[in-house]
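Report on one structure; see the data block that follows.
The values are calculated or read from the model by the stated rules, or taken from the named source; none is laboratory data. Note that this is a predicted model, so its numbers are computed, not measured. Cβ sites come from the backbone with ideal geometry, for glycine too, and all protein chains shown count toward neighbours. For the accessible areas, the whole protein counts, side chains as well, though only heavy atoms, and no ligand, DNA or RNA atoms are used. Shrake-Rupley method; radii C 1.70, N 1.55, O 1.52, S 1.80 Å.
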Amino acid sequence: MDVFEELWMPRPGQRLRLVDVAQRANVSLATASRALAGREGVSAEVADRVRQVARELGYVANPYARTLASGASSTVGLVVHQVDDPYFSEIAGGVIQLAGEQGLLVQICQSGRDPAYELQQLRHLIAQRVGIILISGSGYDDPRMEAEARAELAAFQDHGGRVAAIGRHALGVDAVLPDNEAGGRALAQHLVDLGHHRIAVAAGSAGLTTVADRLAGVSSALRQRGLDPADLAVVHCDFTRSGGRAATEQILHEHPETTAIVALNDAMAIGVLSTLRARRVPVPTRMSVVGFDDVSVAADLAPSLTTVRLPMTEMGRTALTLALKPRSARPRRRATGHLLVVRDSTGAAPVT
């Protein structure tokens, strides 16, 4: 090690700072900052040298400190599982409404129900200096799948950021919690009261807490009505319209005695109805169908969809309202309630 290196190298155990990179690269602190942020005003040669030095030193920028220093509280980062799912678009609508009233901008990201990609999106939002992060969509049964996201969000909050979630149990942040189990119970009670005993479930991907909670509600209702939940035919597919189509094909093939299908979200229910129509299975005289969420198109389907209504727009507003409040000592929880909406897709079980 030469004399110059001895002058700029941090002491053992000391955290590397941007000034260390600047000194080693022989540039000003401002130049080093611009080079690492990719901003204009730095030649390509200098920027390459600064980045090379940062890599050699193992320097990692602290995005939380930049966020706090920049005072960038005017942007809300919203992460949803799937932007083209009406459930998430209606939640986003609520967030955008309140953000507009508060003079805030909203940046929307999609995770695709992939925990690793969701973590990447969170880090991207933090690097973009958002002041608030909202996460909407089911969590995961395995807490290890959310451990890194939980740590990232905790650090973000410790440095002044604010966070709230919708439908997540284990992130350690303020949360709006849909009435999933009670809603699943209401759907199954409705079908059993119509005489249906051979019920199948078009469920989303196994491992999602939303799927587990809604399925638990269905099973609970069957037990209350004296039926065995073990007889429930559960088919796991993607939590999407195409997943609903695939699940229905499997149900018709493997469980032809089924008289009612519970789709655990409306997107899947739309796929269920599409497949039944293509297969010329009459709804509801031969097969009853229920969904969950009551997205805006549910009433306009043919037949109109019996479903559980969640206040999705209000859920988005509530999540942002929580995030705008000062951070509390313990995460706050807000339940949504639910409403069973009976329409044309359900009827009495066929007589056999």
For this session: For helix 115-127, report the angle its Cα long axis makes with the longest principal axis of the Cα atoms of the chain; keep it between 0 and 90° and round to the nearest 10°.
Result: 40 degrees
Problem set entry | Virtual spin-label span in nm between Ser74 and Asp193, 7 Å along Cα→Cβ | 5.2 nm
Problem set entry | Residue-span extension gain [Ala348 to Ser205] - 0.36 nm each, minus C-alpha spacing | 48.6 nm
Problem set entry | Debye, to nearest 20: dipole size of the chain, +1 on Lys, Arg Cβ, -1 on Asp, Glu Cβ | 620 debye
Problem set entry | Length gained when the stretch Asp300-Gln97 is fully extended (0.36 nm per residue, less Cα-Cα span) | 70.6 nm
Seminar exercise, completed: Per-residue ellipticity at 222 nm attributable to helices in the chain (runs of n ≥ 4 DSSP H, -39500 (n - 2.57) apiece, nearest 500 deg cm²/dmol) works out to -14000 deg cm²/dmol
Problem set entry | Accessible area in the full protein assembly, largest first, 1.4 Å probe, for Thr209, Thr352 | Thr352, Thr209
For this session: Loop sites only, by DSSP: take the GluC sites (Glu not before Pro) in the chain that have at most 11 other C-beta atoms within 10 Å and name the longest stretch containing none of them.
Result: 41-256
Problem set entry | Between helix 147-158 and the chain: long-axis angle, C-alpha atoms, 0 to 90°, nearest 10 | 60 degrees
For this session: For the chain, find the longest principal axis of its Cα atoms and tell me its angle to the long axis of helix 180-193, 0 to 90°, nearest 10.
Result: 10 degrees
Exercise. For segment 103-225, with only Lys/Arg (+1) and Asp/Glu (-1) charged at the beta-carbon, what is the dipole magnitude about the Cα centre, in debye rounded to 20?
Worked result: 260 debye
For this session: Find which of Ile251, His159, His338 sits farthest along the positive direction of the dipole of the chain, computed with +1 on the beta-carbon of Lys and Arg, -1 on that of Asp and Glu, about the Cα centre.
Result: His159
For this session: Could you pull the accessible area for Tyr117 with a 1.4 Å probe, rounded to 10 Å²?
Result: 90 Å²
For this session: Round to the nearest 10 and report in Å² the accessible area of Leu104, as given by a 1.4 Å probe over the protein chains' heavy atoms.
Result: 30 Å²
Exercise. On average, how much accessible surface per residue is there in the chain, in Å², for a 1.4 Å probe, leaving out ligands, DNA and RNA?
Worked result: 46 Å²
Problem set entry | For segment 55-203, the fraction of alpha-carbon pairs in successive 5 Å shells from zero, as % | 2, 8, 16, 19, 18, 13, 9, 6, 4, 3, 2, 1, 0, 0, 0
Problem set entry | Whole-percent carbon and sulfur share, accessible surface of segment 167-304, 1.4 Å | 48 percent
Problem set entry | With DNA, RNA and ligands ignored, accessible area of Arg309 (1.4 Å probe; Å², nearest 10) | 100 Å²
Exercise. Taking the alpha-carbon centroid of each part, what is the distance from segment 283-330 to segment 163-179 in angstrom?
Worked result: 16 Å
